[in-house]
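Scroll down for the structure; my scribbles are underneath it.
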Amino acid sequence: MAEDIAKLKLENVRLSFPDIWEPKSVRGSDPKYAAHFFLDKEADAKQIEAVRAKIWAVAKAHWGDKAKAVCTGKKFEKCLHEGSEKEDLDGYTDDMMYLTASSPRRPLVIDRDRSPLTKEDGRPYGGCFVNAIVRFWVQDNNFGQRVNAELMGVQFYKDGEPFGGSVPASPDDFENLEGEKGKKAKKGKTEAPESEPEGGPDEDEIPF
């Protein structure tokens, strides 16, 4: 199977503004599913390079020899942003970049074991870490010339400090009010043996 020059997997990136369960309209636009993915300029340098390479490859495939002129023009807007553009928000700092991706179709959302997740599962959430699949595409119309990213799928990777909210409580956050006696009584009803619970693109220069 030929490589899809437009498709990219982001790994272990922090998730922000996850509109992944229900589409959201922005300034009267058609509702879309969307998300931001943080890329640390140092730790994720290779992933940032990969994003830029994909943007350039898609641009060149569409515009050909004119791609460099279009990509460096004032009207060209990348889906890759400097974190300082939203420095008043949690996580958007000078040492970060973020990729915006959206889609009119609901993205695949799965857990670490690839089982499907729903909103009721409480993850992924803003602030956690995820793997994500995005696909870059060219917009070339009356509304501008740019390369956008389509949100295709999100996989929960690990917990992180939540943005502007919290993750659901865990049973471990509560005390066992029944104590060991309660445990034994319940187990006695089922006559189950007592056991302890487990814890657990080209060589051309990219012009940006």
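Nothing in this text is a laboratory measurement; each read-out follows from the coordinates by a stated rule. Predicted model, so just to flag it, every value in this text is computed and none were measured. A quick note on method: Cβ atoms are made from the backbone with ideal geometry, for glycine too, and the neighbour counts reach across all protein chains shown.
The table that follows gives values for the structure above.
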| read-out | value |
| --- | --- |
| Per residue, the convex hull volume that the Cα atoms of region 1-108 enclose (Å³) | 150 Å³ |
| Residues in region 100-132 reached by a label modelled at Arg52 [backbone nitrogen below 17 Å; 7 Å Cα→Cβ] | 100 |
| Added length on full extension, which subtracts the Cα-Cα distance from 0.36 nm per residue, Arg27 to Gln139 | 38.4 nm |
| Charge tally in the Cβ shell below 15 Å around Tyr33, where Lys, Arg are +1 and Asp, Glu are -1, Tyr33 excluded | +2 |
| Per-residue Cβ neighbour rank within 10 angstrom, fewest leading, Leu15, Leu108, Leu8 | Leu108, Leu8, Leu15 |
